[in-house]
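Inspection log for the structure reproduced underneath, given as structure tokens.
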Amino acid sequence: MGRAEDDEPPPKRVKVSSRKLGDLSKSTLLTDRASCSLNDLMAHPLVCQGDDEVVGAKGVVKKVEFVRIIAEALYSLGYNKAGARLEEESGIPLQSAVVKLFMQQILDGKWDESVATLHNIGLMDEKIVKLASFEILEQKFFELLDGKKVMDALKTLRTELGPLCINNDRVRELSLCILSSSQQVLAGMSGQDVVRPKSRTKLLEELQKLLPPTVIIHEQRLIHLVEQALDLQLDACRFHNSSVGEMSLLTDHQCGRDQIPSRTLQILQDHSDEVWFLQFSHDGRYLASSAADCLVIIWEVKLDGLFCVKHRFSGHQKPVSYISWSPDDHQLLTCGVEEVVRRWDVESGECIHIYEKNGLGLISCGWAPDGNRILCGVTDKSISMWDLEGKELECWKGHRTIRISDLGITSDGKHVVSVCKDNMILLFGWESKAEKVIQEDQTITSFVLSTDNKYLLVSLWNQEIHLWDIEGTAKLISKYNGHKRSRFVIRSCFGGLNQAFIASGSEDSQVYMWHISSGELVETLAGHSGTVNCVSWNPADPHMLASASDDHTIRIWGLNQVKMKHTDTVSNGVHYCNGGT
């Protein structure tokens, strides 16, 4: 690809049924509550035989906690006898005596007693006590109202709910229920659920979420931990690149290298010069490529995975260095090197409009998310925004961009991303006017924005690729190296399932791939005979990658085990395409 000037840089569950809280009295409650005073039941940290004992090789799992969450899981699955037997045999109760009493009082509708017991559970956070009390007293209020005891409900509202001094807006809404002659819902009240009383079981479930886990084990805690462990296994799997069907708890999850596209499935040979840029459409149905031959080609991805030429766009007088798909993939912007930007209709192949500025060249292009405006970097270091008909709507002057032909627009339309100095990236809001800067120690050669707008992948002069988290305050979170770059612009991309990988071209004619989380180099792809300038991962197919090279070709990479249907010239399992449809 074009050389850089010496003084300027080159142009990725299974739900179980809720625990039957109505069966609580059968399995987990004290059988002799009446003989105990409330002070006797006062909650303290559970003291059991072997309270400090740990299990497991790493010595970090406390036996008491482990047994308690197993017991909770048994009750959640409906195995009440097994849960009760576990408590009995281990001597480790699922809940303390006072917590069991509190839970039964909720189920029995003993509101005043339950509020009193709540204050004796031993909660240190007064705010949690108030919030839980509010939930209980609100249920009391609704049950009184539902029983047509309006004056008692009003008394609860005034003397119990109001004095808590929390959620005053909710208190006002509840007062409107008093005024309703039917004691039913008043429509359209601030979107909150002013409704008939919920079930007491549901109330208890909500209280369980509110109270700290040291007091009451949260529902389905063991299921949550298992699901979390499975998610961590997926995140740690360096080759994970396929949607997961069923995952077994009996074995650790591990994917093989065969999930990574590593085999050349097709070689596209229609360009007559170095291929500088390529990009898949958002829906993955098309691939657009541009080259030093001033030609832009749109390739269609057929159902069998093979590519064929859909259109050849000619008209640029200079090599085409940048391409941008419209949000709906119906149109394409192409930018010649310091030349003009052309807008093409993908279906008809017609050039719809040419954007240019007198005496100046355009170096980059991109779409506003609404698809009705385009943005372009200009050689005078400004960024211009036009409507589709070519009327300039705005121009941001100053050091907004340099000769690097990269431009990013976040999908929410709030920020434009550009290289404003050799080692500095600017994120600025065209409406808010707010600016955020990312500064590197080395000269920036290219960048790409992740599809979720959270990350920025920055390629540097010193053969490193940096991953930046740009949510909030920008921070560098990872570095990737191994590829070669000394003279040309080399582009990288996000890709794979959930954009879990990074790929980059290289001057040693190879494609490099890293696992984004671990930073581990997972694959290098050999096959090109010249510098690999650009790579693009199909957003609709995590197993399809395209690479563009100075050897005038585009290679399509796929999985090793894919069996291709060959219709034309075939050599060593590779399909060669020289035009045609």
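The values are calculated or read from the model by the stated rules, or taken from the named source; none is laboratory data. All figures in this text were calculated on a predicted structure; none of them were measured in a lab. Every residue, glycine among them, receives a Cβ derived from its backbone with ideal geometry; neighbour counts consider all protein chains shown. Heavy atoms of the whole protein, side chains included, go into the accessibility calculation; ligands, DNA and RNA do not. Shrake-Rupley method; radii C 1.70, N 1.55, O 1.52, S 1.80 Å.
Going through the stretch 452-489 one residue at a time, which ones are β-branched (Val, Ile, Thr), at pLDDT below 95 and within 19 Å of residue 321 (Cα to Cα)? 489 - this is the single residue of the stretch 452-489 that is β-branched (Val, Ile, Thr), at pLDDT below 95 and within 19 Å of residue 321 (Cα to Cα). Within the stretch 268-283, the residues that satisfy the criterion of being surrounded by fewer than 20 Cβ atoms within 10 Å (Cβ to Cβ) and more than 17 Å from residue 331 (Cβ to Cβ) are 269, 272, 273. When you check residue 310 against the structure, is it surrounded by fewer than 23 Cβ atoms within 10 Å (Cβ to Cβ), outside any strand (DSSP E or B) and out of contact with any His (no Cβ under 6 Å at 6 or more places or on another chain), yes or no? Taking the combined requirement at face value, the residue does not satisfy it. Pairing each residue of the stretch 337-366 that is modelled with pLDDT of 95 or more with any residue that is assigned to a strand (DSSP E or B) and of a type in the set (Lys, Arg), provided the two are 6+ apart or on different chains, yields C-beta distances under 7 Å for 351/342; 352/343; 353/343; 354/342. Within the stretch 108-133, the set of residues being part of a helix (DSSP H, G or I), open to solvent by less than 10 Å² (accessible area, probe 1.4 Å) and not hydroxyl-bearing (Ser, Thr, Tyr) comprises 118, 129, 132. Are any residues in the stretch 510-526 surrounded by 19 or more Cβ atoms within 10 Å (Cβ to Cβ) and assigned to a loop (DSSP other than H, G, I, E, B), and if so, which ones? Correct list: 516 only.
Is it true that some residue in the stretch 168-185 is hydrophobic (A, V, I, L, M, F, W, C), open to solvent by 70 Å² or more (accessible area, probe 1.4 Å), over 16 Å from residue 112 (Cβ atoms) and modelled with pLDDT under 70? The answer is yes; a qualifying residue exists. Of the residues making up the stretch 138-150, those that are open to solvent by 10 Å² or more (accessible area, probe 1.4 Å) and either charged (D, E, K, R) or at pLDDT 90 or above (or both) are 138, 140, 142, 143, 144, 146, 148, 149. Criterion applied to 419, 437 was being surrounded by fewer than 16 Cβ atoms within 10 Å (Cβ to Cβ), more than 19 Å from residue 514 (Cα to Cα) and among the β-branched types (Val, Ile, Thr), and the one residue passing it is 437. So in the stretch 456-503, with the set limited to residues that are open to solvent by 10 Å² or more (accessible area, probe 1.4 Å), among the aromatic types (Phe, Trp, Tyr) and in a strand (DSSP E or B), which one is nearest to residue 235 (Cα to Cα)? Applying the filter and picking the extreme gives 494. The numbered conditions (1) open to solvent by less than 10 Å² (accessible area, probe 1.4 Å); (2) within 27 Å of residue 543 (Cα to Cα); (3) not polar (S, T, N, Q) are all true for residue 335 except (2). Would you say residue 304 is over 29 Å from the mean Cα position of the chain (by Cα), open to solvent by 20 Å² or more (accessible area, probe 1.4 Å) and under 19 Å from residue 560 (Cα atoms)? Yes; evaluated as a whole, the condition is true for this residue. When the stretch 359-373 is limited to residues that are aliphatic (A, V, I, L, M) and touching a Phe, Trp or Tyr at 6+ places or on another chain (Cβ under 8 Å), the one that is surrounded by the most Cβ atoms within 10 Å (Cβ to Cβ) turns out to be 363.
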